[in-house]
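Beneath this line is the structure, given in structure tokens, with notes to follow.
The values are calculated or read from the model by the stated rules, or taken from the named source; none is laboratory data. Quick caveat, the model's predicted, so the values are computed rather than measured. We place every Cβ from the backbone using ideal geometry, glycine too, and count neighbours over all the protein chains shown. Protein only, heavy atoms only, side chains kept; ligands, DNA and RNA dropped before computing areas. Shrake-Rupley method; radii C 1.70, N 1.55, O 1.52, S 1.80 Å.
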Amino acid sequence: MVAGKNILLGVSGGIAVYKACALTSKLTQQGANVKVIMTESAAKFVPPLTFQALSRNPVYTDTFDEKDPAKIAHIDLADWADIVLIAPATANIIGKVSNGIADDMLSTTMLATQADVYIAPAMNVHMYAHPAVMKNMKQLEEWGYHFIEPGDGYLACGYVGKGRLEEPESIIKAVKNHQYDNKLFSGKKVLISAGPTREQIDPVRFFTNRSSGKMGIALAEAAAKFGAEVTLVAGPTELEVSNKRINRINVTTAEEMYDEMHKFFPSSNIVIKAAAVADYRPKQVYDQKMKKQDGDWNVEMVRTKDILQSLGEKKTNQFLAGFAAETTNPIEYGMKKLENKNLDAIVINNVSTEGAGFGEDTNIVTYVNKNQQLDEVALAGKRDVAEKIMKFIDRDMKDDK
Ligand code: CTP
């Protein structure tokens, strides 16, 4: 996965620079073309000549040291790279890139590149935990940069904790895994519904449910991360989508969700209905606020359309997955929905279990495919659960071929 790739290694100044030597050597041995940019402080720890010998390429340290008059080095390097890897990444380079500062060769090239960027931080445990560093890393993550988390252990500054540059082998493995995952759904169109629906009764009142939209949004983010073109049809939720490539369509009612899902369904390859759709809506919707009267108020409710069922009836080549929110006999009820709605898979969650279900940041699910193969996903963050679900879908789609 790295053989034949152009890898631009950014080395910033910290004691872990020595590990970047081993990293350069291993990448070169695995057939990658490696070019190195060092910051001025990195060159104080290890001389550029070491990286030149290991990479068999000139090392760049100065934006104005133009080695070839026909080219502008930082633009040329930025365009040349398939992958940019910063290891070790200090708090300083992370801060510069996240704030658009370009005052040396490495930070300038970082602004110019369109390649996949991996950042392997290394710093003191307190520096790593500082809100400024955390905020900068979060910003970069939102822009699509990938972090290779530092390990725990003895740090050169004498502290023991998180901040140690990950080992070269692990950095290469993380890059390879990510490069593989990145393309899992490339060329595929994924349609996802998320959140609750809201069924109005008058201008100030409505019926809804406890769905937060977190699971559906996590699925949309996972699909986009794995290279899919994603459309997210979201019911009312305050939650933001961090991946700006996701096409988000906001809806309020089950009827609106039905229309949007059917609009995008024919051109989609994978459709996942994670939304908690209202099964009933008030028969009458009042234009004005209802005034209270003596006695009770009985609201007559009528059935909404089952969106998933209708998609199952229309299905041609799409991989169609639904969710089942259950409080009793989850597997039995979930498997019935899989069959009745003509699905390829169903994700069953027992919403009465602690750590699973509405509003939580975590989930516990059972993924069941149409061959009745069960995969349990133990308690984990919704993001991790979403990535696992996407990988089960990828496996099942490949098995179907
Ligand atoms: N669903 C849908 N349209 C509806 C109701 C449900 O598309 N009107 C979808 C949900 O998005 C979910 C799946 O059907 O993917 C199962 O939803 P769930 O609420 O668990 O079950 P229901 O089908 O509504 O059945 P029941 O209320 O009997 O449990």
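Condition test on Phe323, is it surrounded by 13 or more Cβ atoms within 10 Å (Cβ to Cβ) and under 28 Å from Lys401 (Cα atoms)?
Details: surrounded by 13 or more Cβ atoms within 10 Å (Cβ to Cβ): yes; under 28 Å from Lys401 (Cα atoms): yes.
Spelling it out, Phe323 is indeed surrounded by 13 or more Cβ atoms within 10 Å (Cβ to Cβ) and under 28 Å from Lys401 (Cα atoms).
Does at least one position in region 327-346 carry a residue that is more than 30 Å from Pro203 (Cα to Cα) and under 22 Å from the mean Cα position of the chain (by Cα)? Explain how you work it out, then say what you get.
Step one: list which residues in region 327-346 are more than 30 Å from Pro203 (Cα to Cα), which gives 327-346.
Now narrow it down to the ones that are under 22 Å from the mean Cα position of the chain (by Cα): 345-346.
Yes.
Of all residues in region 295-308, count the ones that are within 16 Å of the ligand (Cβ to nearest atom) and open to solvent by less than 60 Å² (accessible area, probe 1.4 Å). Talk me through it step by step, then tell me what you get.
Filtering region 295-308 for residues within 16 Å of the ligand (Cβ to nearest atom) gives 301-308.
From what is left, the residues that are open to solvent by less than 60 Å² (accessible area, probe 1.4 Å) are 302, 304, 306-308.
The total comes to 5.
Listed residues Thr366, Thr327, Thr316; which is more than 15 Å from the ligand (Cβ to nearest atom), among the hydroxyl-bearing types (Ser, Thr, Tyr) and in the same structural domain as Glu229 (by TED's automatic domain parsing)?
Working: Thr366 fails: more than 15 Å from the ligand (Cβ to nearest atom); Thr327 fails: more than 15 Å from the ligand (Cβ to nearest atom).
Checking each option against the conditions leaves just Thr316.
For Ile37, all conditions in the list (1) touching a residue at least 12 places away in the same chain (Cβ under 8 Å); (2) not in a strand (DSSP E or B) hold save one; what is the number of the exception?
Going through (1) touching a residue at least 12 places away in the same chain (Cβ under 8 Å); (2) not in a strand (DSSP E or B) one by one, Ile37 breaks only (2).
Among what's in region 56-70 and is open to solvent by less than 60 Å² (accessible area, probe 1.4 Å) and closer than 17 Å to Leu111 by Cβ, pick the residue that is modelled with the highest pLDDT.
Tyr60
For region 284-294, does any single residue satisfy the condition of being farther than 26 Å from Asn350 by Cβ and within 12 Å of the ligand (Cβ to nearest atom)?
Let us first name the residues in region 284-294 that are farther than 26 Å from Asn350 by Cβ, namely 284-294.
Next, from what is left, pick out any that are within 12 Å of the ligand (Cβ to nearest atom): none.
No - not one qualifying residue is present in region 284-294.
Based on what the data block shows, is Asp394 open to solvent by less than 60 Å² (accessible area, probe 1.4 Å), away from the ligand (no atom under 16 Å from the Cβ) and modelled with pLDDT of 95 or more?
Values: open to solvent by less than 60 Å² (accessible area, probe 1.4 Å): yes; away from the ligand (no atom under 16 Å from the Cβ): yes; modelled with pLDDT of 95 or more: yes.
It is true that Asp394 is open to solvent by less than 60 Å² (accessible area, probe 1.4 Å), away from the ligand (no atom under 16 Å from the Cβ) and modelled with pLDDT of 95 or more.
Any idea how many residues of region 303-356 are assigned to a strand (DSSP E or B) and modelled with pLDDT of 95 or more? Don't jump to the end; show me each part of the working.
So the first thing to find is which residues in region 303-356 are assigned to a strand (DSSP E or B), and the list is 303, 319-326, 345-350.
Narrowing the set further to residues that are modelled with pLDDT of 95 or more leaves 303, 319-324, 345-348.
Of the residues in that region, 11 qualify.
Would you be able to tell me the number of residues in region 25-49 that are farther than 17 Å from Ile86 by Cα and crowded, with 17+ Cβ neighbours inside 10 Å?
Total satisfying the criteria: 0.
Hey, can you tell me all the residues within region 245-276 that are open to solvent by 60 Å² or more (accessible area, probe 1.4 Å) and of a type in the set (Asp, Glu)?
Glu255, Glu256, Asp259
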